[in-house]
Each structure stands twice: as C-alpha cells, then as structure tokens.
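Q: Have a look at this one before I ask anything.
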Amino acid sequence: MKKWLFVILACLLGVSSAGCAVSQVLENKADNQKHAEEVSKKLIRYINEKDVDGIEQLFNQYSRNEDKLRKDIEDFFDYIDGEIVDYNINFRGEVGSWIEDGKWLEQEIQTNLENIITDTGTKYYIDFGEYTIYTEDKDKEGMVYLRLCDEDKKLIFGICYTSRKVERNGFSTFLLV
C-alpha cells in the first residue's frame, strides 16, 4: 500500500512540475505575441513614414553596426508602392529557442504581416525575425531580418547580414544574428 501511495505522490509531483513548465511556456508565448504586435504596428508606421531611424532601431546592435543598413532600409522603401492601409498580423511564434536549467538563454520569434494592401491597391507580404532573448550577448536582441515579398510570397527585397554556427550538446545549427 505504501508503495502505491509513493507512486501516486511521485506522479502528482511530476504532473504539478510539468504544469508549472507549461504555464511558463504559455505565459511566455502570450508575452511574445504582445511584443510581436507592438513591433508590427511600429514597423508599419515607420514604413508609411519612411522613417529610416525608426526601422534601424528595431534591428539588433550587430545589424545596426553594418554600414549599409541605412541604405538597405531606404531601398526597402523604394519597393513599396503607396502607403500601407491594411494588413493582418500572424505571429508565427518561436522558431528557435534554448532553455537550460529552467532559464531561457535564447529565443527567436517570427512574425508575418499578411494581406498587406497599399492605397494604390498593391499587395505585399512582410516577415521578420527577432531575438527577444539572447542571454550571452544582449547586442543580438532585436530584429535580425526583414523581408518584403509580393502577395505570392516571392521575395522582392530582404535585409539580413550574417549567420553563425551554434554548437550545444553535440548539435550544430546555423542561426541568424
């Protein structure tokens, strides 16, 4: 009987621990979705205002250190016909993350701006990725890429500079920085 009681208590402890982890992940996702919506609204405003400084500040410090970032942002504007009057935000969620000992070390999210329509009737699709958490190097937090596509998602223009190879626990992958 004591054996069964121990098994039941161990199971309850495991379920409660898993419940806390699930709760943390769901809360994190909600925070990221709110963040993505805020960044999306800023991005659209900056595009409509042709605000190079505004978009530049959305990028991470590594991207802002690139000499050609400002020129690339100006070129990005040249490919948009008119002012954006309508769009839908599709928060794609985490596309990469690293958790160790219960702490978020890295987290990259992706957001898509779909069904974009300008005042000239032109349709576009924009997506961007950003690190919301990068514990080892805070300069990598922020937008890492920005892509403008036509309505069929064919690339028109993109801003992204480098990638890096990450090795952890025997696994290798290439990530945008």
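What follows draws every value from the coordinates through simple rules; no lab data is involved. All figures in this text were calculated on a predicted structure; none of them were measured in a lab. Cβ placement follows ideal geometry from the backbone for every residue including glycine, while neighbour counts extend to all protein chains displayed.
Q: To the nearest Å, what is the center-to-center distance of segment 122-149 and segment 58-93, using C-alpha atoms only?
A: Rounded to whole Å, the Cα centres lie 9 Å apart.
Q: If we count every other residue with Cβ under 14 angstrom of Glu66's Cβ, Lys/Arg +1 and Asp/Glu -1, where does the sum land?
A: With Lys, Arg at +1 and Asp, Glu at -1, the neighbours total -1.
Q: Using per-residue counts of other Cβ atoms within 10 Å, averaged over each peptide, order 66-79, 105-118 from highest down.
A: 105-118, 66-79
Q: How would you rank 89-102, 34-47, highest first, on the average number of other Cβ atoms within 10 Å across their residues?
A: Going from most to least packed, we get 34-47, 89-102.
Q: On to the next question. Can you tell me, using C-alpha contacts under 8 Å and at least 6 residues apart, the relative contact order of segment 51-165 as a whole percent?
A: With pairs under 8 Å counted, the relative contact order is 24 percent.
Q: Would you mind checking Lys29/Lys123; Lys68/Lys140; Lys34/Lys103; Lys29/Lys103; Lys34/Lys138; Lys29/Lys153 for any pair whose Cα atoms are more than 23 angstrom apart?
A: Lys29/Lys123; Lys29/Lys153
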